[in-house]
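Q: Right, I'll just put the structure down here and ask away after.
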Amino acid sequence: MNVLLWHVHGSWTTSFVQGTHDYLLPVTPDRGPDGLGRARTWEWPASAREVTPDQLRDEDVDVVVLQRTRDLELVREWLGREPGRDLPAVFLEHNAPDGAVPNTRHPLADQREIPIAHVTFFNQLFYDNGSAPTTVIEHGIVDPGERYTGELARAGVVVNEPVRRGRYTGGDLLPLLSAAAPLDVFGMGLAGLHERYGLDPDRVGLYDDPPQAAMHDELARRRVYVHPVRWTSLGLSLLEAMHLGMPVVGLATTEAVEAVPAEAGVLSTRPERLAEAVRHFVAEPDAARLAGKAARAAALERYGLDRFLADWDTLLSEVTR
């Protein structure tokens, strides 16, 4: 099929474009949110093609994967077609509900033409979807391989825009966690993190927007992966760390409690318990390695790429039938 989708979530799209279809990615001169085009820090196959809005009108688009309500407007404007009526469509919901949880109403609630595909069962449960058709297609990861060495007695954190997102991503927990062990933060939008939370640069290193492969190599050198995020759908960085073979210490919130088995690390809603677990894994390399192997096994079983692509093929076949 020719699948139209916008580059909204780089890590998720990296997995999605590994399938057997042709993927049409809108690109605009400013490479803004409506036309970011191909990724620059991920490796995508040639089947993921950039197309301008003008070129889209000449493409034989079979189905569109919507990820924002804005995408509905762009399909109408650029293709002159109505999603769900003139063009088969799926609405992919990446995010956990926000606002008046658990009463948050999904923007596509109650319509019947476009199924909502949630990436976690938590999202499906907590959104009010009304009578809209829904399904869950859990994440799948391009396996980076078991790279864990744990040679550095430090913790690793991956988070995007922790200054802007504040308590959502758990930046306020970093002082406590960095007192338990030195830690390094990888991700986008890290400028000002030290100042925002009074972090000691000698205890907290920042690695702003590294290429994915380089980040995986560096992350795997850290003794333990820490996931301080309070409210997210399910961080793909968490699943990537598990694939690398890293032990996990994280908040027991949203879908993380389903993703991380007890033998793979420690999940808790008590920050002091998380700090204690970080100290334990940093001080006990053998325990860290054993938990990391359990984390990798669990991630491969539940979040493998083949299952993910097969689930999407089934859904795309249904909506285009």
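Coordinate-derived values only; no laboratory data. All figures in this text were calculated on a predicted structure; none of them were measured in a lab. Glycine gets a Cβ as well: all are built from the backbone with ideal geometry, and neighbour counts include every protein chain shown.
Q: Extending each Cα 7 Å along its Cβ direction at Leu290 and Phe121, get the distance between those two points in nm, one decimal.
A: Here the modelled spin labels are 2.9 nm apart.
Q: Here is a follow-up. Mind jotting down the three principal axis lengths of the range 197-321 based on Cα atoms? Whole angstrom, largest first.
A: Extents along the principal axes, in whole Å: 57, 31, 26.
Q: Here's a follow-up. Could you work out the Kirkwood radius for the range 125-225, taking every pair of different alpha carbons, averaging 1/r and inverting it, reported in Å?
A: Kirkwood hydrodynamic radius for the range 125-225: 15.4 Å.
Q: I would also like to ask the following. For Ala213 and Arg321 in one chain, what is 0.36 nm times their gap in residues minus the Cα-Cα distance, to one decimal in nm?
A: Full-extension gain reported as 35.1 nm.
Q: Mind giving me the nanometre distance, one decimal, between the label points for Leu56 and Thr20, set 7 Å out from Cα along Cα→Cβ?
A: 2.7 nm
Q: Could I ask something else about it? Beyond 20 Å, how much of the Cα-Cα pair distribution for the range 52-148 remains, as a whole percent?
A: Result for the distance tail: 45 percent.
Q: Let me ask another. For Thr149, what charge total do you get from the other residues with a beta carbon under 14 Å from its beta carbon, if Lys and Arg give +1 and Asp and Glu give -1?
A: +3
Q: What do you get for Rg/Rh over the range 1-94 if you use C-alpha atoms and the Kirkwood form of Rh?
A: Radius of gyration over Kirkwood radius for the range 1-94 works out to 0.92.
Q: To the nearest 10 degrees, how steeply does helix 285-302 sit against the main Cα axis of the chain, on a 0 to 90 scale?
A: For 285-302 against the chain, the angle is about 20 degrees.
Q: Take the Cα pairs of the range 256-321, get the Kirkwood Rh, then feed it into Stokes-Einstein at 10 °C and 1.306 mPa s and tell me D in µm²/s.
A: Rounded to a whole number, D works out at 112 µm²/s.
Q: A further question follows. When only alpha-carbon atoms are used, what values of Rg and Dmax, in angstrom, describe the chain?
A: Using the Cα atoms of the chain, the pair Rg, Dmax is 20.1, 61 Å.
Q: Here is a follow-up. Compute the length gained on full extension between Asp200 and Asn95: take 0.36 nm times their separation in residues and subtract their Cα-Cα distance, giving the result in nm to one decimal.
A: Between Asp200 and Asn95, full extension yields 34.6 nm more.
Q: Separate question: Just subtract the alpha-carbon distance of Leu176 and Ala283 from 0.36 nm times their residue separation and send over the number in nm, one decimal.
A: 36.8 nm
Q: So what is the relative contact order for the range 32-183, in percent, with contacts set as C-alpha pairs under 8 Å and at least six apart?
A: The normalised contact order for the range 32-183 reaches 13 percent.
Q: Still on this structure, I have one more. Take each of the peptides 9-16, 211-218, 156-163, 119-126, average the number of other beta-carbon atoms within 10 Å over its residues, and list them starting from the highest.
A: Most protected by this proxy first, the peptides run 156-163, 9-16, 119-126, 211-218.
Q: Give the distance, in whole Å, between the Cα centre of the range 256-321 and the Cα centre of the range 1-74.
A: 28 Å
Q: If I fit a long axis through the Cα atoms of helix 271-283 and take the longest principal axis of the Cα atoms of the chain, what angle between them do I get, 0 to 90°, rounded to 10?
A: Orientation of helix 271-283: about 70 degrees from the principal axis.
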